[in-house]
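Take a look at the structure set out below.
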Amino acid sequence: MIELYHVSKTYPPNYRALTDINLEIAKGEIVFVCGASGAGKSTLLKLLFRQEDPTEGQILIDGRNVTRLGSRGVAQLRRKIGLVFQEFRLLPGLTVLDNVALAAQVVGKSKRESRTKAYQLLRELGLKERYEAKPFTLSGGEQQRVAIARALINEPMLVLADEPTGNIDDEMADEIMRLFLKIRDRGAAIVVATHDRAMVKRYGTRALYLQRGVLTDDQSVTTKREYSW
């Protein structure tokens, strides 16, 4: 599903965010990317989404070299990716329900089918009483859950999530992870950047550890080892 070969990212004037990353992630795998702030977690996700381009190296997703895609190819790739970044990017003029449903309509689903699926996801995420609300009336945690529903509505082949449980309580974090696992069980790859050690222990089978842009470890989370992140 995902293959990285000698991938590095340098931001001007000379900030090395990632250095020589080599990595493979299979379909149906959930992988946590762990590390302190500034370790390179968000940069890695942005490279996979083609929001950023690598300075060096190659990135393949589903057999396609994403570093060589034109604008049309990037658009097609992104339709297969569910994205949960820390910037929610909800459309302020639309209701919660329509923000989520629009993502399905863009890829050709009917309005009725899109709204039905959107309502189902919002209900599972504890937002059934808020589906007519506008984003500016929501708390940060509620906006985060709307963004997660939007990311999952098309049952993507790949989900990229940057701190998806950062603004919510443990009960709702568990519900979000259960939704991620449902998508994983259908064959999607899930990549989650997080500081939440407890979540990694409960749900992870594999964890990547970044330190100052270097991949220092890639292992089963059942391995007993302490990290400073």
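The values are calculated or read from the model by the stated rules, or taken from the named source; none is laboratory data. Remember, it's a predicted structure, so these values are computed and weren't measured experimentally. With ideal geometry, Cβ positions are generated from the backbone for all residues, glycine too; neighbour counts draw on all protein chains shown. SASA here: full protein model, heavy atoms, side chains in, ligands and nucleic acids out. Shrake-Rupley method; radii C 1.70, N 1.55, O 1.52, S 1.80 Å.
Miscellaneous remarks
- Boolean, K109 is closer than 28 Å to Q143 by Cα, among the charged types (D, E, K, R) and either touching a strand residue (DSSP E or B) at 6+ places or on another chain (Cβ under 6 Å) or open to solvent by 50 Å² or more (accessible area, probe 1.4 Å) (or both): yes
- Subset of segment 48-91 (residues that are free of Cβ contacts under 8 Å to residues at least 40 places away in the same chain and closer than 14 Å to A103 by Cβ): A75, R78
- All conditions in (1) open to solvent by 40 Å² or more (accessible area, probe 1.4 Å); (2) under 26 Å from H6 (Cα atoms) hold for L69, with the sole exception of (1).
- Here L97 meets the list (1) surrounded by 15 or more Cβ atoms within 10 Å (Cβ to Cβ); (2) farther than 27 Å from E29 by Cα; (3) modelled with pLDDT under 95 almost entirely, failing just condition (3).
- Scanning segment 1-51 for residues that are assigned to a strand (DSSP E or B), under 21 Å from A188 (Cα atoms) and either among the aliphatic types (A, V, I, L, M) or open to solvent by less than 40 Å² (accessible area, probe 1.4 Å) (or both) yields a count of 9.
- Among residues of segment 1-33, those that are among the aliphatic types (A, V, I, L, M) and without any contact (Cβ under 8 Å) to a residue 12 or more places away in the chain, counted: 0
- Any hit, segment 180-202, residues being β-branched (V, I, T) and under 27 Å from G93 (Cα atoms): no
- Considering residues of segment 149-181 that are of a type in the set (V, I, T) and modelled with pLDDT of 90 or more only, the residue nearest to A39 (Cα to Cα): V159
- Of all residues in segment 145-161, those satisfying the criterion of being open to solvent by less than 10 Å² (accessible area, probe 1.4 Å) and farther than 19 Å from V106 by Cα are L160, A161.
- Subset of segment 70-79 (residues that are in a loop (DSSP other than H, G, I, E, B) and within 27 Å of E163 (Cβ to Cβ)): R79
- Residue in segment 56-64 that is modelled with pLDDT under 95, of a type outside the set (A, V, I, L, M), open to solvent by 20 Å² or more (accessible area, probe 1.4 Å) and in a strand (DSSP E or B) present: yes
- Residue count for segment 171-225, restricted to those that are open to solvent by less than 50 Å² (accessible area, probe 1.4 Å) and under 18 Å from L23 (Cβ atoms): 20.
- For first residues located in segment 174-195 and without any contact (Cβ under 8 Å) to a residue 40 or more places away in the chain, partners that are open to solvent by less than 10 Å² (accessible area, probe 1.4 Å) and lie 6+ apart or on another chain with Cβ distances below 7 Å form the pairs M177/M199.
- Considering segment 72-83, and only residues there that are among the aliphatic types (A, V, I, L, M) and over 14 Å from M1 (Cα atoms), the residue that is most open to solvent (accessible area, probe 1.4 Å) turns out to be A75.
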